[in-house]
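Here, each number is a calculation from the coordinates, and none is a lab measurement. The structure presented is a predicted model; accordingly, all values stated were derived computationally and were not measured. In this analysis, Cβ positions are derived from the backbone assuming ideal geometry, glycine residues included, and neighbour counts consider all displayed protein chains.
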Amino acid sequence: MPIPRTLKSRLDREHVHYDILAHAHTDRARAVAETLHLPEQSMAKVVIVKVKERFVTMVLPATTKVDFQRLRGIFGTHRVRLATEGELTRLFPDCEVGAMPPLGTLYGLPVYVDRSLIGDEDILFEAGTHSEAIRMRYWDFAALVFPTVAEFNRTPTASC
């Protein structure tokens, strides 16, 4: 599947410099960095959550998980859950499920970025497919989506 036209058109229209990085097919954000021989912490992942009746794009390091307790505090409600696969298909019709780009505003969704990503020079993310990623300057990305910056990640605990 090629990069969604919605995404490519927006980046080109805004004259944003970006690199398309082809990689082995994988459905895990951390594995993308591995296949590209880049540090795992350089990869951002997208998690779509439903807050009450609206969907929100959460962008965080691929090496972390969403802290739902923090999200409940940020949004002031206990009604926060992951979007279902069916909901993702409807929200991102031109993307492979699980490969949504962090430009949620292209799809009418607000974007929240974990504070830990804003110090990075570049952001690397899935390009709507499980076999291509996009690398661009973080501040170019931020200028496209005007994200809300908050702390909502947690480091996964080792499982036995």
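Structure values in brief
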quantity: From phi via Karplus (6.51, -1.76, 1.60), per-residue ³J(HN,Hα) for the stretch 57-67 in Hz, x at Gly/Pro; calculated: 8, 10, 10, 8, x, 5, 7, 10, 10, 6, 9
quantity: Stretchable slack from Arg28 to Thr148, in nm (0.36 nm times residue separation minus alpha-carbon distance); calculated: 40.7 nm
quantity: R0 of 25 Å, Cβ-Cβ distance Glu85-Leu21: FRET efficiency to nearest 0.05; calculated: 0.45
quantity: Fewest-first sequence of Met100, Met136, Met43 by Cβ atoms within 10 Å of each Cβ; calculated: Met136, Met43, Met100
